[in-house]
């Protein structure tokens, strides 16, 4: 069951990474999948991978916040032009 969880987490992580240019929501999904992969590797006892995946999750979460702010700023500046 643990291997299935890890396989699903990594698959979602890879798919969302591939699609993240389409929407900021894929960046958020990537962050969540990276966190799930960190949990999987911790349960499997592979602690170096746990640290790496946790860092990836935080980096992706930061990218989501930055992209969200940038999209909000661009939509507000567009609203003033119209």
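The values are calculated or read from the model by the stated rules, or taken from the named source; none is laboratory data. This one's a predicted model, so the numbers in the text were calculated from it and none came from an experiment. Methodologically, a virtual Cβ is constructed for each residue, glycine included, from the backbone with ideal geometry; neighbour enumeration extends over all protein chains shown.
Contact map, segment 1-20: residues that are in contact (Cβ under 8 Å) with a residue 24 or more places away in the chain and on the phi < 0 side of the Ramachandran plot paired with residues that are part of a helix (DSSP H, G or I) and surrounded by fewer than 14 Cβ atoms within 10 Å (Cβ to Cβ), Cβ distance under 7 Å, separation 6+ or inter-chain. Pairs shown: 2/43. In segment 24-66, which residues are closer than 15 Å to residue 9 by Cβ, assigned to a helix (DSSP H, G or I) and out of contact with any helix residue (DSSP H, G or I) (no Cβ under 7 Å at 6 or more places or on another chain)? Residues satisfying the conditions are 32, 39, 52.
Of the residues 33, 42, 54, 60, which is over 9 Å from the mean Cα position of the chain (by Cα), at pLDDT 95 or above, crowded, with 16+ Cβ neighbours inside 10 Å and under 28 Å from residue 1 (Cβ atoms)? Write out each step before concluding.
Working: 33 fails: over 9 Å from the mean Cα position of the chain (by Cα); 42 fails: crowded, with 16+ Cβ neighbours inside 10 Å; 60 fails: over 9 Å from the mean Cα position of the chain (by Cα).
Being over 9 Å from the mean Cα position of the chain (by Cα), at pLDDT 95 or above, crowded, with 16+ Cβ neighbours inside 10 Å and under 28 Å from residue 1 (Cβ atoms) holds for just one of 33, 42, 54, 60, which is 54.
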